[in-house]
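S.K.: One structure coming up, written as C-alpha cells, with questions to follow.
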Amino acid sequence: MQTEQIGEFERALINRYQGDFPLTDRPFRRVADALGGTETAVMSAIYALQEGGWISRFGPLYNAERLGGRLTLAAMAVPETELETTAEQVNRFREVAHNYHRDHRLNLWFVLATDSPAAMTQALRDIEAATGRPVYDFPKEREFFLGLWFELGADGERRTRPVPAPPPGPPPELDELDRRIVAATQIGLPLTREPMETVAEEVGGAPGDIARRMQAMLAGGAIRRIGLVPNHYKLGFHGNGMTVWDIPDERLESVGREVGELDFVSHCYARPRHRPLWPYNLFAMVHAHDRPAVLAQVEAMRRLIGERARTHDVLFSRAVLKKTGMRLPT
C-alpha cells in the first residue's frame, strides 16, 4: 500500500494531531469537529492507521527524565553475522524503547528509559552481560532542539516541519495516582468515546481529575505531547540519517543552537565522546524521502558549520529492530 493511498481524512488526522490532542471528556468529538468528520470516523481512522502500521502508537509521549528517571542512547559494535542474535538479546530488555541497525562500526543503536539513574546503570551492565559485548553510553548532555512533525500532501509530497515544544514549567511532583496514570497510558490512550473515563475506571479517580493531572504533566514536561506517533518509514520518509559532528568544546553551544534551528532537524543534542572510536559530541537527526535528500541536508549543515567541525559523519538507518516507545516500571 502506497502512502498516496491514505485517505484525505487520515492525512488530515496525521498532519494535525501529532500533538495537541485535546484532554476533554469527548476528545474524539472535538477532533471530529475540527476536521469535519464524525466521532466514530476519527476513532476508526486511528484504529486503521495503527493496524496498518502508519502510526506506531497513539497517546502521550512521556519524558523519562521529567518523571525522575533517565533516558539514554547507547551503541554496540557487533559483527554483521551476529547482529540478528545480538539485537534479539538487546530487545528482550523492557528498558529498550527503540533499536536501529546503522551504517558504522558502531552499528547497533538503541534508546533506553528507566525510572532512576541507578536502574539505568544496572540495565546497561545487564545488556553487556547478556551479549558479552561492551555498551557505549551516550547520555544527553544538552538539548538544543527536539520537535518535528511529518506532513503528507494530497499530491503525495512528503514534508517535515519543526514544531518546538514550549519551555516546560517546573517538573510535576507525582503521587501514586499520577504513576498509575503513567502506567495505564504509556502504551497509548484507549480508543473509547470517553478515554478519560476508561482510564479512571482502571486507575481510580474521576475522569476530570485524570485529564487535569495529564494536563499538569504536559505543562511540566513530563509529557512531551499527546497525539499520533507516525511511522515515518511507512509514510515514505525512507531517509533517516543520524549526523554526528566533532565540535571543539568551546564552540559546541553556539554550533548546537544554530544546527537546532534548521527546519529539517528533528533532534539536536550534545552527547559525550568515546575516543578513539567515537570523536563526535554533537548529534543531529534528519529525515527525508530518500538518502540523496538527506545528504543534501547534511551538505547544508556542513556549509553552516564550516571549519568549526573537525570532522563529521552520517549514520543511515538500515533497519528498525524495535520501536515500542518508552515503558517505565511504575
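S.K.: Residues Phe21, Phe58: which one is at pLDDT 95 or above and assigned to a loop (DSSP other than H, G, I, E, B)?
M.R.: Sole residue among the options that is at pLDDT 95 or above and assigned to a loop (DSSP other than H, G, I, E, B): Phe21.
S.K.: In the set Leu189, Leu148, which member is over 30 Å from Thr86 (Cα atoms), surrounded by 20 or more Cβ atoms within 10 Å (Cβ to Cβ) and modelled with pLDDT under 90?
M.R.: After applying the criteria, what remains is Leu148.
S.K.: A further question follows. What are the residues in the stretch 100-121 that are crowded, with 22+ Cβ neighbours inside 10 Å and modelled with pLDDT of 95 or more, if any?
M.R.: The answer is Tyr100, Leu108, Phe110, Leu112, Met120.
This table checks each residue for (1) of a type in the set (Lys, Arg); (2) under 16 Å from the mean Cα position of the chain (by Cα); (3) within 30 Å of Arg142 (Cβ to Cβ).
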| position | (1), (2), (3) |
| --- | --- |
| Gln18 | no, yes, yes |
| Thr24 | no, no, no |
| Met43 | no, no, no |
| Gln50 | no, no, no |
| Trp54 | no, yes, no |
| Pro60 | no, yes, yes |
| Ala64 | no, yes, yes |
| Thr72 | no, yes, yes |
| Glu80 | no, no, no |
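Every residue, every condition in (1) in contact with a helix residue (DSSP H, G or I) (Cβ under 9 Å, 6 or more places away or on another chain); (2) surrounded by fewer than 21 Cβ atoms within 10 Å (Cβ to Cβ); (3) in contact (Cβ under 8 Å) with a residue 40 or more places away in the chain, yes or no:
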| residue | (1), (2), (3) |
| --- | --- |
| Ala34 | yes, yes, no |
| Leu49 | yes, no, yes |
| Leu61 | no, yes, yes |
| Gly68 | no, yes, yes |
| Thr81 | no, yes, no |
| Glu88 | no, yes, no |
| Arg92 | yes, yes, no |
| Glu95 | yes, no, yes |
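The values are calculated or read from the model by the stated rules, or taken from the named source; none is laboratory data. Every value quoted in this text rests on a predicted model; they were computed, and no experiment measured them. Note: ideal-geometry Cβ built from the backbone for every residue, glycine included; neighbour counts use all protein chains shown.
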